[in-house]
Each structure stands twice: as C-alpha cells, then as structure tokens.
2 protein chains.
Amino acid sequence: MSTSFVLEQGVTRSLHELAQQLRVDSVRCSAAASSGHPTSSMSAADLMSVLLGRYLHYDFTNPDAPGNDHLIFSKGHASPLYYSMLRAVGAIGEEEFLSYRRARSRLEGHPTPRLPWVDVATGSLGQGLPIGVGLAMAGKNLDKLPYRVWVLCGDSELAEGSIWEAAEQAGYSELDNLTVIVDVNRLGQRGPTRHGWDTAAYAARFHAFGWHTQEIDGHDIEEIDRAFSVAAAHPGAPSVILARTRKGRGVAAVEDKEGAHGKPVPDPDDAVRELGGIRDIRVQVAPPASVLPAQSLPAQRLPAHGRWPARQWRPPAYEPGSMASTRTAFGEALAALGDTRPEIVVLDGEVSDSTRTASFAKAHPERFFECYIAEQQMLAAAVGMQVRGWVPFVATFAAFFTRAYDFIRMAAVSRASIRLVGSHAGAAVGADGPSQMGLEDVAALRAVHGSTVLCPCDANQAAWLTGVMADLRGVGYLRTSRGEAPVIYQPGERFEVGGSRVLRSAPDDQVTLVAAGVTVHEALAAADLLADDGISARVIDAYSVKPVDVITLRAAARETGRIVTVEDHWPEGGLGDAVLSVLAAGGQPLPVVTKLAVRAMPGSATPDEQLQLMGIDMASIATAAAELVGH
Amino acid sequence: MSTSFVLEQGVTRSLHELAQQLRVDSVRCSAAASSGHPTSSMSAADLMSVLLGRYLHYDFTNPDAPGNDHLIFSKGHASPLYYSMLRAVGAIGEEEFLSYRRARSRLEGHPTPRLPWVDVATGSLGQGLPIGVGLAMAGKNLDKLPYRVWVLCGDSELAEGSIWEAAEQAGYSELDNLTVIVDVNRLGQRGPTRHGWDTAAYAARFHAFGWHTQEIDGHDIEEIDRAFSVAAAHPGAPSVILARTRKGRGVAAVEDKEGAHGKPVPDPDDAVRELGGIRDIRVQVAPPASVLPAQSLPAQRLPAHGRWPARQWRPPAYEPGSMASTRTAFGEALAALGDTRPEIVVLDGEVSDSTRTASFAKAHPERFFECYIAEQQMLAAAVGMQVRGWVPFVATFAAFFTRAYDFIRMAAVSRASIRLVGSHAGAAVGADGPSQMGLEDVAALRAVHGSTVLCPCDANQAAWLTGVMADLRGVGYLRTSRGEAPVIYQPGERFEVGGSRVLRSAPDDQVTLVAAGVTVHEALAAADLLADDGISARVIDAYSVKPVDVITLRAAARETGRIVTVEDHWPEGGLGDAVLSVLAAGGQPLPVVTKLAVRAMPGSATPDEQLQLMGIDMASIATAAAELVGH
C-alpha cells in the first residue's frame, strides 16, 4: 500500500496530497477516540505538510540525534495532526495510531514525552513557544549546533503573557534559529478570537519585539514554502509566519464553523471521502546535519566522566558556630559545582544579588542566563535546556515561583528535570512584607508530581544539598532563607534526600519538635527552654520535606508520643502536613500533634519580631510543647 | 510650619519643590527604617509631584468617595514615595510616617490596603497595571463614572508577560480612562534593564498593542505636565507616558549608580541637605467629580436591599437520582444568581462553554467579561473590579488557575474578595490527559491566606454553594467536575461553609470514608461493597475542604477509629491533608488513616478508567478500608 513519495517532482501537488492525508488521519483518529480536536488540526495541515516534506531535518529512527531539529506543538490540542505526521513518517503504525486517547496509549490527548519524538508536554496554551525559545537559546549559546527550532502556535494562545515574555527574550537574543508558525484559524474554543484573521495586528506586535514577520495564506502550498524558505534564511532575528487558515479546512460541515472545537467531525466517513479518501503516503524527512562527536552530545549525556565530577566537587565550608545564610551558601556551592560540572546552567529572574546566583554568574558567565523579571519564560527556558541534556538551576524569590506555577506543573508532565531555588522564604524575610515572602512555596512544590522539596537550615547543609539537587530527577526545589543563622553542621557532612537529623535526643524524651529551615534554630532554643522546665524534647531537622524521613519520624512518634511541627509557611500543605501524612500512613494510631505555622497575614517587622508575631519562635514552640506534655 | 502651596502661581517651581520634598521624605523614612527603596522613589518624584499637584482628583478625607481617581503603585517598592505623598496631602502625620516598615505600622515595606487609600497590595511586579486595567474596565463598563486610573510602573516590570496581557486587554477595550506612567530609570535590582533608556523600544511595543504613547524627560516638570495633559485628553485608547529618569535623582552618591537598589542612601543627612532640606509643603489635591447618588455606589455597597436578594434567589433544581454535572449546575446557578444580584460580574478565560459561565453570559451580557486566554489579566481584572464593590466570579479550568497563582496569592495580601471556579478537576477529566487536569488546585488554593475551598459532588450542592460563594470574603474557590454524576441531594438543601454531610452512618461503623467531589460517589459505592463483606462504613461528604468540618470528622475518628480519605488530586495538600490537620489539632491521639489520592501521572483514558488506574475508585476504597479494618 505504501506509495513512494518523491518530493522533488510535482512538489506542490504532492504536498497538498500529504496535507490531505494529515487531515484524513486527524479525522480518523479523533473518530476512533470519540474525542479530540480534528478541526484545530485540519487548519494547520498544509503548514505541517510543507514543514515535514521540505524543511524539517530529523531522523525519526533516532530521536536523540544531536543534530535533529526540534518541533514543538504549542497548540498541543492539535495532537491528531502531530500523530498523523508520525504516521506519515513511519514512526508509528496504524494500530498504535488508532489507539489515540485510549488508556495506556502513548498517543495521549495532548502530546507528552512518553513518545520519544516529543520534547515536552504541551496542552497548557502559551507554553510551547517559551520552551522553544529555551531550546533555541541552548542551540545558539550552549550546544552551538545548527539545529532549528520550529514551534506551531495557535492564534488564541497569543493572548497569553508568556508568549510576549518569549517574544521579548527571543527578539533580544536574536534567535534566528527559531521559526514560529501561527495557525491563525480565527476561532478559539468558544468563538472568534479577539483579532480574527487580522494577522497585521499580530505582526505589529511581534515586529515591535524585534521579530521578522510574514503574513501568508496558510492553505497556499507555494506561499507557505516561500515563507519557510525566507524565515529560515533571515539572519539576526527570530521569525514568525502568521498564516491565515480555516479551522476544519476541507470538510464543509465544520470548515470555519463555530461550535466545532474539540469534538470529532459529525460524519467521519463522509469527511474522509470529501478529503479524497485514506492515503498511505510515506514521507522521507531530510536527515539532520551530521555533527562531530565533540559537538554532538550535551554534557550530561557524556559517558562516565560526565557524571564523575559530581562526586569530586568541594562544597564551600562554613565554620560551625559562625553565622551564614543558606542563600549565600547555595550561591557559593553552585559556583563551586559549576567548576566540575560543565552541564550545569543557571537562570535567574533579575535578582541574582539576592538569590546569590551572582557567584555562579561571575565564575561561569557563559552558562548564566539573566532572564530579567519574566519568571514564566525563565522556567520555560530551563525546561527547553534540559531537553538538550543541560542541568538547569533556576532561582528567584520563593514567592515569585508562584508566577510560573503552571510551567512547573507542566514540567512534571514533561518529565523534565529542573532545579528551582527559592530565596527569601517565609515571614523571616522581615521588613519587606508579605508580597516578598514565600509562604505557600512548599505547598505548591510538594503538590507537583515526582517533586523533591529540601529546606536547609544551615550553610553547610545548604551547600551539600545544592550538590544533591544537581543529580535529582524531576522537579527539585531548594528553599533558602534571607537572614544569617548559626552554622550547626560540620563542613562536608552528607545529607540525603529523604533524610533528617536528630539534633537532640534522650531516652526520656516527652515530646518531639520537628522543624526545617529557620525554625530549626527556634526549635533548638525551645528545647533549651523546655529543659529548664524539666521537659525533655527531641529535636528533628526535617530538611527533606518531600520525601520526608518516615522512619525517624515514626520512631519519634512512637517513642515520645507527642509532636510539635513548626514551619515558616502557611499551615496548609507544608512541613506539618508532610509529617502528618507519613505518620498517618503507618497503619498505627497517630501521636498527638500540634502544628505551628504562619496563621496571620504578616506585615513589616524585623525577622525576629516576625517569628514572634506569627507564633513560630522559640517561646511559642516551648509553650505548645509544654501544653502537649501537660505542663 | 505648614506652607500654603498655591499651584496656580509659579507652578513649575512649586512642583519642583514638592518633588524635592518627596525625595527628602523618601530618604528620611528609609533611613529611619534602615531599609527600603529610596532611590527607586527619587526617580519618580517629579512625575508624582505633577500628578498630585495638577492631575489627581481625590478626596483623601474620604477614600471611598465614588468619584475618586485610583492611583496604583505597580512598582510597590517605591513605597517611600507613596507614603511621602500621603504625608504631603496630610493623610498621615510625621510620627506615622517615620514608623515605615516597623512592626504593626500600616506603612509596610510595600503598600497594602491596611491603608485606606491603597486599593490593592503591590510588590510582586507586573501586577499593578493589570489590576489598574480591571479598575478602568469597571469605570468604563460597570460604574460608568468619570474617575481616572493612574498606574506608576517601573521599567524592569515591563518584562513580565502580565504587563502585555494588560496591554492587550486595555488596547482592545480602548480604555481611555487609564494613564500609565513608566519610570524608566534604566536600573533594575541587580543592574541595567534590557532596554536601558531606550523608551522607543517600549513605545513601539505599547503602540503595537493599540496604546497612545509619549516619551519624555521624567525630570522636566513642564514636559511631564504637558504629557499628563495630552494623555488625559486622548480619546479611544489607553495612554502610556514613558519617562526617562535617573534612579536616586538628586543625590550624587546614588544617582544613576548601580548597587544602590533597595537600601537607604549611605548618608541620609547629607542627602537631605543636598536636596535642599526638609520641607513641609501641604498639597491641596483637586477634589473628585461629584457624582449623583444613583451613580455613586457600586451595587454591593448599597444599603440593605443590595444584600437582600441573596436570600431570595432560586437556585436551579435537579431531580434526585438524575444525572448532572456540577459545572453545569454552577453555570445555571450563577445565571440565576445574577438575576437578583446586580453586583455580580463574571470573567472567563475563553472557556465559558466548558466552565458553563456561558449561561450567565447569555443572561447578563453587560456583566460578563470575555478575558480570552490570559488568566493573569483575568484574575487582575477581578481584583480591580472588587475594589469598586463588584462581586466577581472568575472561571477557567481548575488546572489553569496555576497560571495566575501569584495573582491569587497577592489577592489575599490585598484583602480582596474574589470567587474562583475551576472546572475539569482531577483525573476524572478523562481522555484529554494531565495537562487539562486540576490535580494541585486544592493544595494551591488551601495555601492562600483566608481562603475557602468548596468541592461539591452533586448538582444541587454545587448550585447552593454558588450562592454561598457570592457572600464569601477573601479568596473563595469552587471546584467543579466535567462529567455527570448522580444527584443525591434535594433541591434547595442548604450547605454551609465548614459543613459536611454524613451520607451513611450506623452505631457499629468500623471505618469512615471521607470524600469530596467525584470521589463521594465512589465512596458510597465502596460502602455498598464493604457492606457485602460485613463491614459497616460511615461515609462523609466533606464538600467544605477549607474550612473542613472539625466536629463531624473528630466524631467519626472517635467513633470508628479508622479513616480512609479519598480525593481526585495529588496526595499533597488536598482533602487528606486537610482531614489529618484537623484531627491532629484535637489534642487527642489520631485514628489510623489511609489516604487515597492520585499517585501516578495519568495519561489518557475514560473517566472511569482513570479513577481505577489512579486507585481512587470504589474498589480501591473498599480494599483500603477492608485492610484498615483487618479483613
């Protein structure tokens, strides 16, 4: 059945035929699934036909080939089109193709990296372009390879601010290895978009951000071909092709009709006939540029020695008893880690003097990316870079990761490995007030699938955990503090994910104080106060909040029967809930627990005053513990 | 000491003097606090002097006056300048002025509505402008009053995508009652901005989004005055004044110097002398337009009868035993509520056919705002509208509120009352896959100060709770489901915040199943399965997840000794953690608890398959409960 498809002859006709096949297949798989977005696929079929047949450089038998182009469907709901392309190149067979949206199928409703050709999950609109910008930054500044990044956007998603953060970053960075194709089919989910087919409105916006722009008829094969050719050749700027298209193109029952979004076409057999029937065209996609081995692999993918330095790095050392902040220790550790880990890259949101990534920026300027105050693009760039094997650390104030929470959520769906470092955690920030305080960061980051949440209390611990973060899979989060705190651990002491430290313990302990970060020092002081009252308190530094140390906490619950948790965070979703959760999962009756947390809206005050006012200081802890013990 | 300040004479000189006073006072209060951002204040002093002396219409003795202009410091860190303005108009005295950033002072590090003249908290950059756009929308479309909205932005924050969502909304809506002043002082926190003093770069961007633009010298009083005059008179478009300024203007030690951000000037006494010494100018600000009583007050502020209809509305009724979705019930209830509550406004992110706010849009088009796919601007618009007393409901997919999480967090700092409704919650969404599933929404929304989180399982419950939401203070969240479910409650049954329903109960109950939303129906079916095995299970519908029903849950824990919680949500921060948290706070040992939640990354599947695959279906619940009981 397979027809040999020679693109060199009768190009226009052949590409039209391929486009019709992509439409037919989009109709077929959505019909088989009884759900999906065929009409949003059909509008972009001509665009993707020309891309596949004439411009994409990709070895589908080797998705890890370092010279492969990258293609991101920012409009992830056009997955029928994407899977139809995979069928057209022979990457997937008919049977798998028709498993679209079924349980256990790799062909999910929106593409995810369960398919090896998919770099990142899309489906939350406005994310594919910023991530593509990250990939293009990697291509230009890190990999220094000639691959091109292609992003297919919908017109609706151009309303997202993240698109304009991406436009700013790409324009400023002159990413001429990036081509964006916007499928301007004028219809969103519930009706017309703001600008309809006014591609000039979009062109003016992209142009203002420094982009090369073209406006075309997205169903005219020759015009599309010319536009791709011009875009790929235009130097010094990213390029956007704004293509006027018709949603559901080719099937009269749905073409350019409202109310046809996100559902199979009404009569799929008729539609297939109208589109000229099922085809079995097989496309030969141009191979990627062959690149030299030295260029070929991002550092992380190097054999053996790409990993070894992790074990050889020397974290900075802080004298026990001295004062140091965890944010500074993180910054110095990151700079040191960068010396032996060439795959580490760092992105910061214009606060590197506060987060302390400035140390890394100074030591390794070629791997530091100033992202300015655009947290969504910053996260997206990190996700894009890790696609290429780079190991990104992303830093801003803990509070401001909330700005990019959707990107963090989706990073987990993308199976991306990124490391977030949030400084200025909690009310302990002090006088700047609540807008600057990360008080929901632990809750938000715990509720990310497969995440790790680490909250160091001391400089040596923060330094060590910075190294641990580098080797984490998934979304890692390190929470650092603004103020200085006593150094309580020895330099070079090893801290594991899922571990904790029992800082005080005696056989007759009557209560356990569980803390993390700044509250560890308050808990230690509270234990002293309690000792004066004749109460023996165990103190646990639960620096690993997710996963939390089940064994140590259950032993403490069993042995002391009473637990006070204390955190510089809202009461919901943080350390206290993490502790309760593992104690509850033990299948044994739980101990008596008091959870201390920030329960009032802070204002301005000194850090010490904040802890007192919020009831998470040593005196509050001691009082709560004494009450539990019954004093 | 007070000098009478006649602006009509020697205007330029007087305004310069006022600007110098604002600079001196910015230096003074930051010095007194030993922290703050005087240099970011000094750059904008001339701009604010002209605004205060010549253009603002505001009665500082009556901040609720309906004709008052609105002034938002989007660059909230310039709080010393704002508080200096309050001193200059006599709104605050010298003693309070010097309490800046002290514990319990209303003069926080970044402005909050603890001060009656502050509409919303700022300090998370990129939020003030979108909220200002919301206020301007209220002025033009709801209040229909002649007040003007003034927003002072920094140049650094123009990198935020939320700024361009706002630019799009304002340009499209032709908000000529909005004037934005950008203090282009070219220095961010850690160094130069991307575009420095290239105001043309910013002007091109705003112009592309449909704005009227002006570029001026931000220290030239006459040029500023002219620009304000032109901006206020320009019809049919929002206006932006891009003012080139020098950070720290007027004090040589810090003027236009890097490294001077966010700290007091080195020698404040010298700086005050250099600026010409302390002044005590008192500004007479122009009064607001007097507006007729009928126009004057937003609906919510009306006496008595503005509230009464809440008790008279008729929620839609669903037949027990029939099938209906909670999202549809919400939509129909909202439309009905709109009939008797003229202060309710609805904003949707281009998914009103999915969230079902389309019912309201159809019934009350003049109070429905299509926000397109721009969740940050949508949230900000709601925050702006509630400043004017409107009662906003904001709807999108539960998953996509993550896009606006920073705005939700800050809404709490703003003491704003907004109601969020997230549809398509959980894995039960089905075939669309994880990008569309709200699986962290409860965790994120619980971790917002003062929030309320409601998860209805049935149409009559969803309808009633929609009415309850209207009267909530703070951030309210209603979680609705995509699929239909059996109606189990009677029409008109009343559900309270903090309540629950015990759906099955017997004296010999051996275990309690706690569920919310779709899992309630699974729990009921599980109880049937358990009954077949001779296990008596209590079933609680914990529709109020925050606050959760302490009394009922503690009674169940005491009486049955074993609890299974089950939620269509990640295990962290949701219903299970909420239940554990209140049981732990009881001062009594906890029961044995098993928490069922979504622990694997879902793919595509049917809703029923999803619940099975994720281990939150009836069979999984029954198995977990039987294990707890020891069968």
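The values are calculated or read from the model by the stated rules, or taken from the named source; none is laboratory data. What you see is a predicted model, and the numbers here were worked out from it, not measured in a lab. As a convention, Cβ positions derive from the backbone with ideal geometry for all residues, glycine included, and neighbour counts pool all protein chains shown. Please note that ligands, DNA and RNA were not included when accessible areas were found on the heavy atoms of the full protein model with its side chains. Shrake-Rupley method; radii C 1.70, N 1.55, O 1.52, S 1.80 Å.
Meeting the requirement of 2 or more residues that are more than 11 Å from chain B (Cβ to nearest Cβ) and open to solvent by 10 Å² or more (accessible area, probe 1.4 Å), the helices (runs of 4 or more DSSP H) wholly within region A:163-281 are A:221-233, A:268-274.
Residues of region B:528-542 include none that is away from chain A (no Cβ under 14 Å), under 18 Å from B:Asp441 (Cα atoms) and in a strand (DSSP E or B). When A:Glu370, A:Glu375 are checked against the criterion of being of a type in the set (D, E, K, R), free of Cβ contacts under 8 Å to residues at least 40 places away in the same chain, surrounded by 23 or more Cβ atoms within 10 Å (Cβ to Cβ) and touching a Ser or Thr at 6+ places or on another chain (Cβ under 8 Å), A:Glu375 stands alone in meeting it. Just to be sure I understand, how many residues within region A:316-344 are under 24 Å from the mean Cα position of the chain (by Cα), open to solvent by less than 20 Å² (accessible area, probe 1.4 Å) and over 13 Å from A:Val421 (Cα atoms)? The total comes to 6.
Residues in region A:123-141 that are in contact with a helix residue (DSSP H, G or I) (Cβ under 8 Å, 6 or more places away or on another chain) and open to solvent by 20 Å² or more (accessible area, probe 1.4 Å) were compared, and the one that is nearest to the other protein chains (Cβ to nearest Cβ) is A:Leu125. Any residue at all in region B:489-496 that's surrounded by fewer than 21 Cβ atoms within 10 Å (Cβ to Cβ), more than 14 Å from every other protein chain (Cβ to nearest Cβ), in contact with a Ser or Thr (Cβ under 9 Å, 6 or more places away or on another chain) and within 13 Å of B:Pro456 (Cα to Cα)? Yes; the residues of region B:489-496 include at least one that is surrounded by fewer than 21 Cβ atoms within 10 Å (Cβ to Cβ), more than 14 Å from every other protein chain (Cβ to nearest Cβ), in contact with a Ser or Thr (Cβ under 9 Å, 6 or more places away or on another chain) and within 13 Å of B:Pro456 (Cα to Cα). Evaluation of B:Val598 against the conditions (1) open to solvent by less than 10 Å² (accessible area, probe 1.4 Å); (2) assigned to a strand (DSSP E or B) shows that the sole unmet condition is (2). Every test in (1) open to solvent by less than 20 Å² (accessible area, probe 1.4 Å); (2) touching a helix residue (DSSP H, G or I) at 6+ places or on another chain (Cβ under 7 Å) is passed by B:Glu572 save one, and that test is (1).
Answer yes or no as to whether B:Ala516 is aliphatic (A, V, I, L, M), more than 13 Å from chain A (Cβ to nearest Cβ) and closer than 28 Å to B:Ala404 by Cβ. Against the criterion (aliphatic (A, V, I, L, M), more than 13 Å from chain A (Cβ to nearest Cβ) and closer than 28 Å to B:Ala404 by Cβ), B:Ala516 qualifies.
The numbered conditions (1) within 11 Å of chain B (Cβ to nearest Cβ); (2) part of a loop (DSSP other than H, G, I, E, B) are all true for A:Gly576 except (2). Considering B:Ala525, B:Ala485, the condition of being part of a helix (DSSP H, G or I), small (Gly, Ala, Ser) and open to solvent by less than 60 Å² (accessible area, probe 1.4 Å) is satisfied by B:Ala525 alone. The listed residues are B:Gly603, B:Gly586, and the only one of them that is free of Cβ contacts under 8 Å to residues at least 40 places away in the same chain, assigned to a loop (DSSP other than H, G, I, E, B) and not basic (Lys, Arg) turns out to be B:Gly586.
Looking only at region A:401-433, residues that are open to solvent by 10 Å² or more (accessible area, probe 1.4 Å), under 30 Å from B:Ala33 (Cβ atoms) and among the aliphatic types (A, V, I, L, M) come to 2 in all. Considering B:Thr606, B:Thr560, B:Thr565, the condition of being buried (at least 20 other Cβ atoms within 10 Å of the Cβ), within 11 Å of chain A (Cβ to nearest Cβ) and of a type in the set (Ser, Thr, Tyr) is satisfied by B:Thr565 alone.
Of the numbered criteria (1) in contact with a Ser or Thr (Cβ under 8 Å, 6 or more places away or on another chain); (2) at positive phi, the one B:Ser34 fails is (1).
Given the criterion within 25 Å of the chain's Cα centre (by Cα) and hydrophobic (A, V, I, L, M, F, W, C), identify the matching residue among A:Val520, A:Val475, A:Val514.
Exactly one of A:Val520, A:Val475, A:Val514 is within 25 Å of the chain's Cα centre (by Cα) and hydrophobic (A, V, I, L, M, F, W, C), namely A:Val475.
For region B:121-142, indicate whether the set of residues that are over 22 Å from the mean Cα position of the chain (by Cα) and in contact (Cβ under 8 Å) with a residue 40 or more places away in the chain is non-empty. No: zero hits.
Note on region A:59-96: residues that are within 14 Å of chain B (Cβ to nearest Cβ), open to solvent by less than 10 Å² (accessible area, probe 1.4 Å) and in contact with an Asp or Glu (Cβ under 9 Å, 6 or more places away or on another chain) amount to 7. Can you spot a residue in region B:512-525 that is among the charged types (D, E, K, R) and out of contact with any Lys or Arg (no Cβ under 8 Å at 6 or more places or on another chain)? Scanning region B:512-525 turns up at least one residue that is among the charged types (D, E, K, R) and out of contact with any Lys or Arg (no Cβ under 8 Å at 6 or more places or on another chain).
Listed conditions (1) in a helix (DSSP H, G or I); (2) open to solvent by less than 10 Å² (accessible area, probe 1.4 Å); (3) closer than 27 Å to A:Gly109 by Cβ are all met by A:Leu15, apart from (3). Residues that are buried (at least 24 other Cβ atoms within 10 Å of the Cβ), on the phi < 0 side of the Ramachandran plot and within 14 Å of chain A (Cβ to nearest Cβ) are absent from region B:456-469.
Taking region B:97-119 as the range and being touching a Leu at 6+ places or on another chain (Cβ under 9 Å), open to solvent by less than 10 Å² (accessible area, probe 1.4 Å) and assigned to a loop (DSSP other than H, G, I, E, B) as the test, the residues that pass are B:Tyr100, B:Leu107, B:Glu108, B:Leu115.
The residues of region B:434-453 that are open to solvent by less than 10 Å² (accessible area, probe 1.4 Å) and closer than 18 Å to B:Glu484 by Cα, listed by number, are B:Met437, B:Gly438. Listed by first and then second residue, the pairs linking a residue in region B:429-451 that is facing another protein chain (nearest Cβ under 7 Å) and within 18 Å of A:Leu125 (Cα to Cα) to a residue that is open to solvent by 10 Å² or more (accessible area, probe 1.4 Å) and among the hydroxyl-bearing types (Ser, Thr, Tyr), with Cβ atoms under 7 Å apart and 6 or more places separating them unless they lie on different chains, are B:Ala431/A:Ser35; B:Ala431/B:Thr606.
Of A:Ser359, A:Ser352, all but one fail to be surrounded by fewer than 24 Cβ atoms within 10 Å (Cβ to Cβ) and farther than 16 Å from A:Tyr477 by Cβ; the exception is A:Ser359.
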